[in-house]
Amino acid sequence: MRRTTRSRRLFAAALLVASVLAPMTAIPATAVHAVNVHAAGVDRCDKGECPSPGLGPELTARLDKAVDDVRREANIPGVIVGLWMPGEGSYVRATGVADTATREPMTTDPFMRIGSETKTFTVTALLKLVDDRRIRLDDPISRYVEGVPGGRRITLRHLAEMRSGLFPYSADPDFAKDLLGDPSRSFTPREVLAYGFKHPNTFKPGQEFQYSNSNLVLLGLVIEKVGGQRLADFIDRQVLRPARLRHTLFPKGAEFPEPHARGYTNQTLSGEIEDSTDWNPSWAWAAGAMISDLHDLRRWARIVATGTLLSPQTQRERLKMLPTGFPGTNYGLGIFESDGWIGHNGSIPGYESVTVYLPSKKATLVVLVNTDVPHEGQEPSSLLARAITAIATPGNVYDRPVPPR
């Protein structure tokens, strides 16, 4: 996933950049349907689930300084951070602004686009079908989707673990041009896959790791075919509702619930920073179109890392981490591990996120920012997560690799 120009950076690998290996941007819209956001006013923290507030004045002061230093140095408009450590306390902060024009302060409440964190929801939906014995991880993709290059040799497992060898559609120059030329355009899954299918596969299935949004779009099509309903509906009914995530949704177009922070990106034709809040993320679909908030992501971090919604056997399959070629980062089925922290991150024009869980301490970290503009070649969300964990969990420091240029 090389990003040789600004436009190719947009699609090459937002996650890779944002975390291990993946990209997320936003654009088009065709239909304006999104799963309804469930009513607010529900418990945001189950009994016995949240630690007592406060990590102590000294540690809190150090974290405040670290977050503020990174925000200022990396020119991040606004930051939302949540760190929950049972037995020790919690740290929840919002700093900076949600809107650079009005200078409205950032709070811990807004909805945010979560980019490639969508992959954890899509793969969980897929694994629910595995548990129901409706599909098998080692089924070839050709059984469900026609026209995939080398599809008879590429399995659903290869797709979920980023080892299919399919060319990432988001790295195609024509795709970047079409997307950036009209950020309001709506793409269908088949349309975005066509950009990638023009290219030969990059390696034989299973040989290497390569972050590719093409993989997740194909898995989304599998879920729709086998599940018999739209991907957004299947995820809502089979994942979001059982997990009681009432502030998480899968938009079909550019819709964005209130309140939300405005997002800023330099993934533009001019290379200048623009407001990308209302760009249509349909191009990212099963790979990165979802929206959530701090409190739902806190809940989701533990659920996805511990396999609450899946059978123990299927969760073990999910957590079979393989090397990515990037030191300190291993990838399973739509999930990664970084120095003990398990989860995913996301990057889409204007927004970045990190949602991870540390089993050894039952700790959860969520970071949300309203920009994806890199600082010295690194994702702003990764800089924050690294700085926070270096202080709070020095034995387990979240560290995303610097993406290739």
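None of the figures in this text is laboratory data; all of them are computed from the coordinates on show. These numbers were taken from a predicted model, which means no experiment stands behind them. Virtual Cβ from ideal backbone geometry, glycine too; neighbours counted across all protein chains shown.
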Inset, instruction - Determine whether THR306 is closer than 24 Å to SER212 by Cβ and hydroxyl-bearing (Ser, Thr, Tyr). - result: no
Inset, instruction - Being within 17 Å of HIS295 (Cα to Cα), of a type in the set (Val, Ile, Thr) and out of contact with any strand residue (DSSP E or B) (no Cβ under 6 Å at 6 or more places or on another chain) is the filter here, so list the residues in region 213-251 that pass it. - result: VAL239
Inset, instruction - Can you work out which of the residues in region 257-269 that are surrounded by fewer than 23 Cβ atoms within 10 Å (Cβ to Cβ) and of a type outside the set (D, E, K, R) is nearest to THR371 (Cα to Cα)? - result: ASN266
Legend entry - Qualifying helices (runs of 4 or more DSSP H) (wholly inside region 145-257; at least 1 residues being under 22 Å from PHE336 (Cβ atoms), free of Cβ contacts under 8 Å to residues at least 60 places away in the same chain and out of contact with any helix residue (DSSP H, G or I) (no Cβ under 6 Å at 6 or more places or on another chain)): 156-160
Inset, instruction - Just need a number here: residues in region 209-244 that are in contact with a His (Cβ under 9 Å, 6 or more places away or on another chain) and surrounded by 22 or more Cβ atoms within 10 Å (Cβ to Cβ). - result: 3
Inset, instruction - Answer yes or no: is there a residue in region 81-104 that is within 27 Å of LEU245 (Cβ to Cβ), in contact with a helix residue (DSSP H, G or I) (Cβ under 8 Å, 6 or more places away or on another chain) and not in a strand (DSSP E or B). - result: no
